[in-house]
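The values are calculated or read from the model by the stated rules, or taken from the named source; none is laboratory data. Predicted, not measured: the structure shown is a model, and the values here were computed from it. Cβ coordinates were reconstructed from backbone atoms using ideal geometry, including for glycine residues, and neighbour counts include every protein chain displayed.
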Amino acid sequence: MITLSDTITFGLIAGVFVGLTAGYLGSIMVSRHMALVGDALSHVALPGVALGILFNFNPFIGAFAFLAATVIVTWYLQKSTTLSVEAIIGVLFVLALAIGILITPEVDLFEALFGDVSKITLTDTIITVLVSVGVLVVARSIYEKLVVSMISKELAIASRIKVERINLIYLFLVAIIVAIGIKEVGTLLVGALVILPAAAAKNISSTLSRYSLMSAIFGLASATLGIILSNYVNVPAGPLVVIVGAAIFAAGVVASSLSRRLNNQKSIRNTI
């Protein structure tokens, strides 16, 4: 028989892997100035979650179906029009959010928006771990190509990097991790797991490798501490995960500011 402590453990394990993977993916998203895309993309999953609730199938399947469709449409429109990714995602985001709110049963709307770690099962946990590991492996294999294409599209093409294909794969990876993170923090807040850790790491990282590593660690810390706190204060984990992530970001800003000030003082002393 599975007890409440078991479900919290399942939620914590799932949160660790989702946070770690989301943070790692977020380091590229923030570097490419696509932070708002990550946030908006998470809301696109709401109609899929609603259909899962209405027709009694795993909401992850519905969420990923809508996210995958959005990624393909976005990728196609970006190639075929002069619209930016932000504009395309923005249009799809507001449409999906409106439809999702309309069709989600009122009794389930709060859970769909903010998640519920107490309902994560052993099967959910196993799927989350396996999917997260798979996403990390693929993301690591294309990371350098993404960086090159970010620095210069011409350089990437000269290096025989298929930029459009790499971008599509990356967006699919983000869609997958957003879909499996919905049970932890909900459709409204899961985008923060991609954005906040990366934004916090950017302030204190001197190299790209350190940046991606710190972003993954901060994502892990945000999810873990948020879920643990939710167990003690009896508050949904989603908002607490975001608050912890924001606190880490604020601490990073302060640490970066102090570091620069100390370095400036050392420079002044050396010149005297």
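Please verify whether the stretch 190-213 includes one or more residues that are farther than 21 Å from residue 73 by Cα and among the aromatic types (Phe, Trp, Tyr).
So far as the stretch 190-213 goes, yes, one or more of its residues are farther than 21 Å from residue 73 by Cα and among the aromatic types (Phe, Trp, Tyr).
Going by the structure shown, is residue 181 under 24 Å from residue 85 (Cβ atoms) and not aromatic (Phe, Trp, Tyr)?
yes
Mind listing just one residue for me: the one in the stretch 133-180 that is among the hydroxyl-bearing types (Ser, Thr, Tyr) and crowded, with 16+ Cβ neighbours inside 10 Å and, of those, modelled with the lowest pLDDT?
Among those residues, the one meeting the criterion is 149.
Condition (residue is in a helix (DSSP H, G or I), modelled with pLDDT of 85 or more and of a type in the set (Phe, Trp, Tyr)) applied to the stretch 21-28: is it met by at least one residue? Even if it seems obvious, please write down each step before you answer.
First, pick out the residues of the stretch 21-28 that are in a helix (DSSP H, G or I): 21-28.
Now drop any that are not modelled with pLDDT of 85 or more, which leaves 21-28.
The next check asks that each one be of a type in the set (Phe, Trp, Tyr); those that pass are 24.
Scanning the stretch 21-28, I find at least one residue that is in a helix (DSSP H, G or I), modelled with pLDDT of 85 or more and of a type in the set (Phe, Trp, Tyr), so the answer is yes.
Name the residues in the stretch 123-172 that are among the β-branched types (Val, Ile, Thr) and within 16 Å of residue 32 (Cβ to Cβ), would you?
Matches in the stretch 123-172: 142, 147, 148, 151, 161, 163, 166, 169.
It is to be established whether one or more residues within the stretch 99-120 are small (Gly, Ala, Ser), modelled with pLDDT of 80 or more and part of a helix (DSSP H, G or I).
yes
Just give me the residues in the stretch 75-91 being part of a helix (DSSP H, G or I) and either surrounded by fewer than 19 Cβ atoms within 10 Å (Cβ to Cβ) or at pLDDT 80 or above (or both), in sequence order.
Residues satisfying the conditions are 75, 76, 77, 79, 80, 86, 87, 90, 91.
Taking the condition within 15 Å of residue 136 (Cβ to Cβ) and at pLDDT below 85, does residue 193 pass?
It is true that residue 193 is within 15 Å of residue 136 (Cβ to Cβ) and at pLDDT below 85.
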